[in-house]
Amino acid sequence: MVTRRGFIGGASVLAISAVIGVRSARAQDSLSPVSGGSLAWGVETEPSTLNPHLNGQAKAKLILRNVYESLLARTADGGYVPWLATDYTISDEGKTYTFTLRDGVAFSDGEKLDAAAVALNFRKLKEATYSGSISAGHVSHVVEALAPDPRTVVLKLDTIYSPFLDGAAGIEIISPKAFASQQLKSGGSEIAGTGPFILERYVKGQEIRFVKNPAYNWAPPNAGHQGPAYLDEITYRFLPESAVRTGALTSGQVDVIEGISGNDAALFKENPDFTYQSAINTGTPYTLYLNVTHGPTVDVKVRKAVLAAIDVARVIESVYRGERTRAWGVLTPADTDFYDKSIEGSYGFDAKLANRLLDEAGWTARDADGLRSKDGQRLSIEIVQSQATLRDQRDVLLQALQAQARQNAGIDLALNYVDAGTYADRQKSGQYGAIPNSTTTQENAVTIYFHYLPRDLGGSINYSRTEAPEVLAWLRGAASTLDHKERFDIYSNLQRFAILEQAYGLPLYVPEDQVAAAANVHGVRFRPFKHLPENAYNIWVER
Amino acid sequence: MDVENVTALRQVPVSPASRHFSLMRATLLSQVLGRVGSGILVLWAAITLSFISLHVAPGDIVSLLIGEQLRTPVIEAAIRAEWGLDEPLFSQYLSYLWRVLHGDFGRSYILQTDVATLILSQILPTLKLTAAALVVAVVFAVISAVATAGLRWPRRIAGAMELVLVSTPSFWLGIVLLFIFSFTLKLFPVAGDRTFSALVLPALSLGLSLGAVIGQVLREGLERALEEPFALTVRSWGANGLTLRLRHGLRHAALPAVTLTGWLIGNLLSGAVITEQVFGRPGLGKITVDAVLGKDLPVVLAVAILSAFIYVVLSTLVDILYLLIDPRLRART
């Protein structure tokens, strides 16, 4: 049996309430929780599908987690605690994972949670016709999903694949009946889960309502309490406009909101009638990735010059009024497993360096606008930003970058906001100078693989388009060892190579989630490890 | 002269009238058939144009469906097979037409639900919103036109107000209305389509700018009518100014305003997108925008069919309204 880092027995209840970045959680633990009542929560994003397997939206997780649960839960320090599974083992050669299921767990449609149901979930996820791209992820390594007895699930992998435990432990288990439902792909009340709430009503474009699951009695030990949820009912209202969410909370029409703009944060932080919390996301920072296969950024000197030409700290401070954290690495600091903070401060704004590098690269002439050029060609890098991910004042941020690059080094960053279709085309053809983006929730360093593997080997968001052989070798090496220290060192090398040596991208800021609530709402918190807002299980309303 | 005509029509002797009616029925039948024919043509054109333009727009459907997730030949093949995208474009088009004729609008690529169910669940809130906005627009236009037509200062003030309303983005107007009436005064709820009071603010933010446009046209028509000789005749009967404006003037002024309104209802439907978003209302607006951006062909086509259908119905209604408003047109048919 191999490492079971941080796995804590079912009896030891963890009192983890400390979440990175909780900035103004008021003293609210002195009161004892009361059951009953309902709550309205204004959310920014409507789920595209309610099937938890098929929904890839980080922002939809807080809603779906009310109904759907997974085998293991994570702790703040990156460990695992029992949930639907009470125990797990990994075989010595690292390719067989055995989960022991909790007894007495039932789906809300009456089906039993047993090994056959869990194995069926894994088998279905492997089918491309059911799960599309998800079938190529973690589950693609599963050769066999077996149920030798009702409480034992055995997953056999084709190879040692280190991110598997995090991935498999986090897969939501849906009722076996669901796979025969018409609603399977869109999700709905026929897709039953084991969670503390049951989907009651979904009005597309308006709200989604859940009622308490009175039979619920299998919360993970760090969930805050045991037994059924406190609330009888919770409604999530879809309010896509940030100003409207803020107004709805201040006027008492909803009790909790998420997604608060930098300008509105002070409104809740300074006001005793509300609580305000924020937590930085896991995944990758919002980073400007520079294309190594197209345009002037093919030259590493130009890429390094871009990194040196922009005073990121100042730009972030002024655009977000101190409400966002400057980023440095290939992962965000929230990815505590593998974030190597030695990268912080190891590079930075240096206009002289930027200009020297560009001179060396031959961009010595200046055109009428004061921008650098070579052989009559302007030093222009086209930034292609998808309209769909343009949020959180990123347009202002990009304009600030543009001004800095121009002023400090004579680089022209040409901004181009495109629709989804054009974005997909440019991704396919590689015809772009730079793409800024961030990812969330692909923890356990999995996101590094999507960003740095060659595109045809699974690097679906390899925006820099690097195919450096050393990067590929590192990634393969790290995936095939279960030694945490070894993986950490490899990703650390990769980070230094990608940022310092090759300048594949310029990390800008760490995306975060914000939640504000009325002062009489208690128990609103972030998930201990993934830092997304938690479901409504532990929330109660003081009357 | 108009007044005399109306009385003349009412006084036609009985026997020629029945002949007149049978004649009218024949022309009515041919008119109805013509309407249905051109309606079907419009529907077909809407389907075809939407189909072509979505395929001409950048990005292929499979890439959009996969997005930034992992992509392998197996996944691509599975997606193509699931949605019938592996067939030639023209046969996709034909099979779509065939299925629509049988009432099958397909399944949404992105939302994975049956399109007919999806649209049916979302059409009612949108219709409610547009109908309420239309009421707001008409009431606003009539009041503003009748109260101020021909009066120097009131019409200037009303005109200026209308100009402001027309040039205010409905997004901004919505936020301002919410801020005042929902967040501060707490008179109306912000979100959703639950109660009648939740309809008030969205209807105002969508309807006022439309009302401003119609109001301007209506006022001009009213002013022109008030200068015509019949106005003097009506006054000589001893009718007061309001009766003249409401009972006689408005009828004359209404024709161009009705035409404009019929045309602008299309704008209401597209303007509903933003209003629905601001107020967190369900409706067709957001679904349509998302479907176009994501090339969700079945949804786009169904919406195109629906809007073409609404236009056909509306233009028919406008034509009928003409007959009701202006008896002279009735006499001609």
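The values are calculated or read from the model by the stated rules, or taken from the named source; none is laboratory data. Since the model is a prediction, treat every value here as computed from it, not as a measurement. Counting neighbours? That spans all protein chains shown, and the Cβs are built from the backbone with ideal geometry, glycine included. Surface accessibility is based on the protein's heavy atoms, side chains included, excluding ligands, DNA and RNA. Shrake-Rupley method; radii C 1.70, N 1.55, O 1.52, S 1.80 Å.
For the pair segment A:206-222 and segment A:471-527, the centres of their Cα atoms are 30 angstrom apart.
For chain B, hydrophobic long helices are taken as DSSP H runs at least 24 Å long by C-alpha position along their axis with mean Kyte-Doolittle hydropathy of -1.0 or more; these are B:14-56, B:115-148, B:197-226, B:250-279, B:297-325.
In this structure the amide hydrogen of residue A:526, modeled in the peptide plane, comes within under 5 Å of the amide hydrogens of A:534, none closer than 5 places in sequence on its chain. Less than 5 angstrom separates the built amide H of residue A:373 from those of A:364, A:365, A:366, A:367, A:379, all sequence-distant by 5 or more or on a different chain.
For the pair residue B:267 and residue A:111, a Förster radius of 56 Å applied to the C-beta separation gives a FRET efficiency near 0.65, rounded to the nearest 0.05.
When segment A:183-235 is described by a simple charge dipole with +1 on each Lys and Arg Cβ and -1 on each Asp and Glu Cβ, the residue from A:198, A:230, A:184 located farthest towards its positive end is A:184. Comparing B:289, B:170, B:243 along the charge dipole axis of segment B:127-329, the residue lying farthest to the positive side is B:243, per the Cβ-charge model. Applying a threshold of 27 Å to the alpha-carbon distances of A:485/A:530; A:95/A:177; A:59/B:186; A:61/A:304 flags A:95/A:177; A:59/B:186; A:61/A:304 as lying beyond it.
3J(HN,Hα) along segment A:98-111, derived from phi through the Karplus expression 6.51 cos²θ - 1.76 cosθ + 1.60 where θ = phi - 60°, amounts to 10, 10, 9, 7, 5, 8, x, 8, 10, 6, 6, 8, x, 5 Hz, with x in place of Gly and Pro.
Pull out a ≥ b ≥ c, the square roots of the eigenvalues of the alpha-carbon gyration tensor of segment B:127-329, then state rounded if a/c is under 1.5, prolate if not and a/b is larger than b/c, and oblate in the remaining case. Taking the square roots of the gyration eigenvalues as a ≥ b ≥ c, segment B:127-329 is oblate.
Neighbours of residue A:415, meaning other residues whose beta-carbon lies under 9 angstrom from its beta-carbon, give a summed charge of -2 when Lys and Arg score +1 and Asp and Glu score -1. For residue B:295, which lysines qualify as cross-link partners when the Cα separation must be under 21 Å and same-chain residues fewer than eight apart are set aside? Counting by Cα, and skipping residues close in sequence, residue B:295 has these lysines nearby: A:185, A:204, A:428, B:286.
Residue by residue, segment A:289-298 carries 3J(HN,Hα) couplings of 7, 9, 6, 8, 10, 8, x, x, 6, 4 Hz when phi is fed to the Karplus relation 6.51 cos²θ - 1.76 cosθ + 1.60 (θ = phi - 60°); x denotes Gly or Pro. Reducing segment B:205-266 and segment A:362-418 to their Cα centroids gives an inter-centroid distance of 55 Å. When A and B come together, around 3200 square angstrom of accessible surface is lost from both chains combined, probe 1.4 Å.
Could you name every residue in segment A:418-433 that has 50 Å² or more less accessible surface in the full protein assembly than in its own chain alone (probe 1.4 Å, ligands and nucleic acids excluded)? Relative to the lone chain, where solvent access is computed with a 1.4 Å probe, segment A:418-433 loses at least 50 Å² at A:428. Considering the zone a paramagnetic label at residue A:215 would reach in this model (a point 7 Å from Cα along the Cα-to-Cβ line), which residues of segment A:143-180 have amide N under 16 Å from it? Correct set: A:174-178. Contact order, relative form, for chain A: 21 percent (alpha carbon pairs under 8 Å, 6 or more residues apart, mean separation divided by residue count). A 1.4 Å probe run over segment B:127-329, with the rest of the protein chains in place, finds 46 Å² accessible per residue. Given a 1.4 angstrom probe, I'd like the percentage of the accessible area of segment B:87-147 that is carbon and sulfur, rounded to a whole number. So the carbon and sulfur contribution to the accessible surface is 78 percent.
Sites count as exposed loop sites when they are trypsin sites (Lys or Arg not before Pro), lie in a DSSP loop, and have at most 16 other Cβ atoms within 10 angstrom; the longest stretch of chain B without one is B:1-185. Take the Cβ atoms of residue B:74 and residue B:320, set R0 to 45 Å, and the FRET efficiency comes out at 0.20. Across chain B, the mean sequence separation of Cα contacts (distance under 8 Å, 6 or more residues apart), normalised by length, yields a relative contact order of 25 percent.
Extending 7 Å from Cα along the Cβ direction at residue B:116 and again at residue A:189 yields two label points whose distance is 2.2 nm.
With Cα atoms defining each centre, segment A:326-341 and segment A:35-111 are spaced 25 Å apart in the structure. Once the chymotrypsin sites (Phe, Trp or Tyr not before Pro) in DSSP loops with at most 12 neighbouring Cβ atoms within 10 Å are cut out of chain B, the longest remaining piece is B:1-195. In segment B:61-98, comparing the full protein assembly with the chain on its own, the residues that lose 50 Å² or more of accessible surface at a 1.4 Å probe are B:68, B:69, B:70, B:75.
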